[in-house]
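K.L.:
My questions will all concern the structure given below.
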Amino acid sequence: MIVDADYTAKPYAEWSVKDWPETYQNPSYKNIFAPGIAFAPPHAISKPRTSKNGTVISPAPPRTGMPSGITAKIVADNIIDSIKSGKESLNHKGSMGNMGAACIASAGYGMTSGSGVSITTYPIVPDYEKYPKTQGRQLGKTFGEIGLAGHWLKLALHYAFIYKAKMRPFWWLIPE
Ligand SMILES: Cc1cc2nc3c(=O)[nH]c(=O)nc-3n(C[C@H](O)[C@H](O)[C@H](O)COP(=O)(O)OP(=O)(O)OC[C@H]3O[C@@H](n4cnc5c(N)ncnc54)[C@H](O)[C@@H]3O)c2cc1C
């Protein structure tokens, strides 16, 4: 769904982190929002390339669980504020250009032989103005690691998120 992004067609050299949406509000229907994987990205996030067969390779943003949860909360908070104040309120904002993401992919099961790939990236959409020397990313918050710790973390998150989804006591303490 079209949201508050800058969808102007422009070449890669002119892409900016500012093109990315912040409130996920549809510009025509102000009471409709599209957080998570529902919003239309303004463009790919990496430089488009072409394979030797001529296939265009244009990586889309990795819209995983964490940014989906964060953007959904931003939208929910704005809807709550708008209802409470009786007028449109969009003070909660968050672009994928100023938010990070963490993701763990299972790579093997077992208490001692399990494995998980832990990945963090900040920001999700590279910001070449802020971090020009490191491909648009803050290196201290961008890493990847594979090992047993990742497996245990994935297992813990599995139960934590199901707990949160069921809104059991203190569910709101568990982050997105
Ligand atoms: C196989 C797989 C593995 C993944 N693993 C990871 C992972 O390890 N870590 C991670 O961070 N992310 C992972 N992801 C990505 C993550 O699941 C998504 O980014 C996230 O679920 C998106 O959340 P969402 O709320 O935007 O959309 P969804 O979770 O897709 O929620 C949309 C909801 O809308 C409902 N719906 C659709 N149409 C209608 C309609 N017309 N009326 C009413 N309801 C409707 C759907 O049934 C669905 O429940 C994975 C995704 C897949 C497919």
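What follows draws every value from the coordinates through simple rules; no lab data is involved. These numbers come from a predicted model, not from an experiment. Neighbour counts are summed over all protein chains in view; Cβ atoms, including those assigned to glycine, are modelled from backbone coordinates with ideal geometry.
K.L.:
Who wins for biggest fluctuation among N91, N31, N53 in a Gaussian network model of the chain, springs between alpha carbons below 10 Å?
P.N.:
N53
K.L.:
On to the next question. About its Cα centre, what dipole magnitude does the chain give when the only charges are +1 on Lys and Arg Cβ and -1 on Asp and Glu Cβ, stated in debye to the nearest 20?
P.N.:
300
K.L.:
If I build a Gaussian network model for the chain, linking alpha-carbon pairs within less than 10 angstrom, which residue out of I146, I57, I79 has the largest mean-square fluctuation?
P.N.:
In the Gaussian network model the winner is I57.
K.L.:
Shape call for region 100-176 from the C-alpha gyration tensor, a ≥ b ≥ c root eigenvalues: rounded (a/c under 1.5), prolate (a/b greater than b/c) or oblate?
P.N.:
In terms of gyration-tensor shape, oblate.
K.L.:
Mind checking which of A38, Y131, G108 is farthest towards the positive end of region 3-157's charge dipole, using Cβ charges of +1 (Lys, Arg) and -1 (Asp, Glu) about the Cα centre?
P.N.:
In region 3-157, that residue is G108.
K.L.:
Looking at the chain as a GNM with Cα springs under 10 Å, which of A101, A76, A160 has the largest mean-square fluctuation?
P.N.:
The residue with the greatest mean-square fluctuation here is A160.
K.L.:
Report the trypsin sites (Lys or Arg not before Pro) located in region 77-131 that are in a DSSP loop and have at most 10 other Cβ atoms inside 10 Å of their Cβ, or state none.
P.N.:
Here the sparse-neighbourhood loop sites are K87.
K.L.:
Also, quick follow-up: Could you order the peptides 17-27, 104-114 from most to least packed, using the average number of other C-beta atoms within 10 Å per residue?
P.N.:
17-27, 104-114
K.L.:
Just the number: Rg to Rh for the chain, Cα atoms, Kirkwood Rh, two decimals.
P.N.:
Computed over Cα atoms, the ratio is 1.01.
K.L.:
Could I ask something else about it? Kirkwood Rh, Cα Rg: Rg to Rh for region 1-95?
P.N.:
1.06
K.L.:
Also, quick follow-up: Of K30/K164; K10/K141; K47/K87, which pairs sit farther than 32 Å apart, going by alpha carbon to alpha carbon?
P.N.:
Beyond 32 Å between Cα atoms: K47/K87.
K.L.:
For region 94-140, what is the convex hull volume of its Cα atoms per residue in Å³?
P.N.:
90
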